[in-house]
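The values are calculated or read from the model by the stated rules, or taken from the named source; none is laboratory data. Since we're looking at a predicted model, the values are computed, not measured. In this analysis, Cβ positions are derived from the backbone assuming ideal geometry, glycine residues included, and neighbour counts consider all displayed protein chains. Areas reflect the complete protein model, heavy atoms only, side chains present, ligands, DNA and RNA absent. Shrake-Rupley method; radii C 1.70, N 1.55, O 1.52, S 1.80 Å.
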Amino acid sequence: MKPLITLSILAFFIGGIAYGQHPQRPKIGITLSGGGAKGLAHIGILKAIDSAGLNVDYITGTSMGGVIGGLYAIGYSADSIETLAREIDWELLLSNQSSLSSVFMAEKDEYARYILELPRVKHKFKLPTGILEGQELWLKFSELFFPVSNIKDFSKFSIPFKCIATDVGTGEAVVMDNGEVISSIRSSMAIPSFFTAVNVNDRHLIDGGVVRNFPVRDVKEMGAEIVIGSNVSSGLLASNKVSNAIQVLLQVAFFREAEDSRNEIPLCDIYVSQPLPGYNMGSFSSADKIMEAGIEEGKRLYPRLKELADSLDAIYGKEPFKTNRLPPLQKIKFSSFELSGLKNTTIDFFVNTLDLKMNEWYSALDISKMVRHAFGTRYYNRILYSLEEETDGTYKIIFDIVENPLTFAKVGLHYDGFSGISAILNLTGRNFLVTNSRSLVTLNIGDNFRARGQHLQYIGKHKNLSSLLEIQYDRFGINSYNPYNVYNSYREAGLYKRQYTRFDLNAAYSPSRKVATGLGFRMELNHFSPIISSPIEFKGSNNFPTAYTFFKLNSLNKQVFPSRGLKIDAEGGWVFRQNEKLKVLKEGVEAPANEYPIGTHPYLRTKLNVESYLRLSYRSTLLLSMQAGINFNYTNNLLNEFSIGGLIPLYNNQITFAGLPEATTYTPTVGAFMAGYRFEFYPNTYITGKGNILYTNFINKSTFFKNPNLLSGYALTFGYNFALGPLEVSAMYSDQAGKIRTYVSFGIPF
């Protein structure tokens with residue numbers, strides 16, 4: 001039996017003869033629907049088309065269909081698109097963050113710490129038009145579409161292409177077929193309230209899926225006579241499935257798109273429906289599974305596509321399958337630049353941050369690296385670029401820049417058993433006192449009060465010199481443990497109120513975004529007062545003026561749950577003579593000075609923290625760390641020892657240790673080593689096992705704290721990273737304490 005598709009082609013052929021026309025091979029068009037992450041299933045259909053040897057003449061797409069279709073149109077094969085999709089870091093791509101490695105060293109500690117950041121615009125703090133600006137998404141598009149960056153007419157692509165967006169002002173579909181392909185595709189996928197809208201030719205554009213998610217009519221208008229349509233939309237929910245207010249709103253929002261799709265589907269000659277139950281537009285963590293589903297659907301479709309190709313070849317003659325369609329643009333030379341959008345920063349600042357040079361060769365990756373460097377200054381919200389070819393073969397690079405407002409209000413939440421629950425409020429301003437500076441005030445309001453003020457000043461052409469002035473105040477309630485009895489030192493014995501104030505001034509040099517070294521001077525004021533008495537306790541204050549040098553390295557890929565990179569914090573300093581006003585109380589009575597002498601002599605002090613993360617596989621990471629601290633020439637210089645315990649760093653002089661709570665004991669000499677393994681068994685959901693050992697007493701011993709020479713402990717942690725921050729629930733055990741303890745933390749601490 002002759003298949004329907006062959007009969008249709010024969011009818012087309014015979015009709016052409018009847019009207020005296022020279023028979024021509026019918027044009028083939030592809031339409032790919034929107035659908036967010038589900039749109040990755042289109043790749044399987046394109047692979048089947050390539051395998052069948054069908055040459056495509058026109059492509060239209062919306063949202064993710066526009067992304068996949070655009071890549072195919074400019075010359076990427078289906079196999080290469082699949083490879084790209086599997087290699088992409090979707091978590092980074094679909095965030096408001098750049099890679100942590102591109103951020104200034106002095107800015108890394110404050111980067112991506114808060115759950116909400118509100119810019120101050122026209123004297124008001126405002127919410128953005130969407131959650132995500134997606135700088136990394138823009139850059140990835142710039143890299144992928146770099147070979148056609150000089151082509152402004154999409155009909156000049158290897159396969160003529162159109163994508164669909166929606167004018168947010170009129171609600172009308174906007175057909176994008178010329179201009180900057182990156183802006184066009186980004187506007188086509190600007191899902192309302194998720195991505196920010198895109199301005200193109202004075203029009204505010206959002207996702208085309210709102211009005212035309214499956215643009216078959218557009219590929220027909222381009223000249224397609226045989227249309228292959230791939231649709232991953234699941235359509236409207238049945239009435240009995242609409243059970244909450246959000247679903248009602250989504251139903252209403254997509255009424256128009258659903259009606260449009262009903263009209264578009266009959267225009268397809270080969271229609272492929274892939275509703276992909278169990279996935280939604282945000283299921284990028286399941287990207288591989290979605291692609292596999294699309295590949296399986298492509299295998300089922302392949303016989304029909306092969307039959308179509310063979311039938312066309314039988315009627316019109318064999319047509320070679322077109323390969324190597326991607327233009328061979330590897331590197332280009334810049335002869336000029338142009339930029340727009342600068343208000344708060346100067347042209348020199350921007351260009352020097354990029355380190356842009358004329359008459360040098362640049363690849364797409366080189367340009368992306370430069371843009372990330374500028375974005376890492378935190379002065380810019382979005383940096384787009386386009387290219388114009390000059391008559392001599394060189395290029396002009398044109399930057400379209402959207403600066404960040406100079407002032408942001410930020411909010412975070414945090415909880416742990418030591419510091420309690422707190423709201424973290426931050427106000428950050430740039431160029432507030434002088435240009436090329438960042439000033440901030442952060443408050444920790446909750447069970448314990450903490451405050452920090454900073455002024456960071458950048459210096460030099462490339463801003464690789466900086467100075468930092470910082471003031472911090474902490475007020476904690478700290479449990480004390482019996483310090484004098486090693487066999488009973490892991491039980492709570494009392495409670496202290498601890499007040500800590502630090503004044504710090506340092507200067508740093510950063511030869512790269514990963515390394516900083518410098519000098520500083522710090523004054524620390526410690527005050528302890530007992531609230532609940534313990535057998536041995538301290539009352540009073542001690543002050544520590546310290547001159548120090550430091551070295552920092554940070555190549556971590558992200559702030560929370562990093563999967564690769566190295567972080568080193570090293571410091572060596574000279575503590576000058578202290579001004580102590582401190583009493584030692586024994587059973588609530590002041591002990592004689594000769595029984596517990598307190599030293600104030602100057603001494604050398606060093607501390608080191610090293611964290612290493614090594615990705616073993618796509619879902620597993622090896623964790624290694626080392627912590628060390630030594631107070632040389634120690635003569636009972638109290639209140640500046642290293643504090644042992646806790647799973648996350650919360651305060652100064654802390655050495656984290658899986659197995660004991662914070663401030664379990666203090667020591668002038670410590671070395672700790674940890675090894676761990678983390679497995680992501682579900683997207684953003686982790687299980688981590690840790691084991692650590694800790695050594696004390698190997699150079700100096702404490703008179704007041706009778707520590708064993710060796711401590712060992714373990715922890716098993718469930719972790720979940722979501723919009724409000726990381727949540728970690730742990731069970732930990734120390735061999736010396738012989739007790740299982742729970743540990744809960746939520747959010748990023750102060």
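For region 339-382, trypsin sites (Lys or Arg not before Pro) are listed when DSSP marks them as loop and at most 16 other Cβ atoms sit within 10 Å of their Cβ; the list is Lys343, Lys357. When the P(r) of region 533-649 is calculated, the portion above 16 Å amounts to 70% of the C-alpha pairs.
Split the accessible area of the chain by element, probe 1.4 Å, and carbon with sulfur accounts for 58%. Counting pairs of alpha carbon atoms under 8 Å apart in space and at least six apart in sequence, what relative contact order in percent does the chain give? Relative CO of the chain lands at 10 percent. Sorted largest first, the principal axis extents computed over the alpha-carbon atoms of region 593-717 equal 60, 23, 23 Å. Quick check: the distance between the Cα centres of region 584-624 and region 313-350, to the nearest angstrom? Measuring centre to centre over Cα atoms gives 55 Å.
Cβ-Cβ distance of Ser363 and Lys497, R₀ of 51 Å, FRET efficiency by 1/(1 + (r/R0)^6): the value works out to about 0.30. Remark: the Thr435-Phe679 segment gains 83.4 nm on full extension, using 0.36 nm per residue and subtracting the alpha carbon distance. Rolling a 1.4 Å probe across the protein heavy atoms gives region 635-750 an accessible surface of 37 Å² per residue.
A full extension of the chain between Leu92 and Glu296 corresponds to an added length of 70.6 nm, given 0.36 nm per residue minus the alpha carbon distance. Computed from the Cβ-Cβ distance with R0 of 22 Å, the FRET efficiency linking Ile531 to Lys739 stands at 0.40. Extending 7 Å from the Cα toward the beta-carbon at both Glu338 and Lys152 defines two label points whose distance is 0.8 nm.
Bridging of Lys47 to aspartates and glutamates at a Cα separation below 14 Å is possible for Asp79, Glu82, Glu292, Glu296, Glu297, once same-chain residues fewer than 8 apart are set aside. For the chain, adding -39500 (n - 2.57) for each run of n ≥ 4 DSSP H residues and dividing by the number of residues yields -6000 deg cm²/dmol at 222 nm.
Each principal axis of the Cα cloud of region 384-477 was evaluated for its coordinate range; sorted largest first, these ranges are 71, 26, 19 Å.
Across every pair of non-identical alpha carbons in region 668-724, the mean reciprocal distance, once inverted, gives a Kirkwood radius of 13.7 Å. For q values of 0.13, 0.21 Å⁻¹, compute log₁₀ I(q)/I(0) with the Debye formula on a Cα-only model of region 621-681, without solvent. Debye curve over Cα of region 621-681, log10 I(q)/I(0) at q = 0.13, 0.21 Å⁻¹: -0.39, -0.83.
The residues of region 371-413 expose, per residue, 35 Å² of accessible area to a 1.4 Å probe.
What is the projected area of the convex hull of the Cα atoms of region 253-391, averaged over all directions, in nm²? So the Cα hull casts an average projection of 15.7 nm².
Shape index of the chain: Rg/Rh, with Rg the Cα radius of gyration and Rh the Kirkwood radius from the inverse mean 1/r over Cα pairs, equals 1.07.
Using a Förster distance of 35 Å, how high is the FRET efficiency between Asn709 and Ile445, based on the Cβ-Cβ distance and rounded to 0.05?
0.25
Note on region 14-123: Kirkwood radius taken over Cα pairs, Stokes-Einstein applied at 4 °C and 1.567 mPa s, translational D equal to 72 µm² s⁻¹. Simple spin-label estimate for Phe521 and Arg120 gives 3.2 nm between the two label positions (7 Å along the Cα-to-Cβ direction from each Cα). Once both labels are positioned 7 Å from their Cα atoms along Cα-to-Cβ, the gap between Ser620 and Asp355 label points is 3.7 nm.
Note on surface exposure: Lys583, Lys299, Lys318 rank Lys318, Lys299, Lys583 by accessible area, highest first, 1.4 Å probe.
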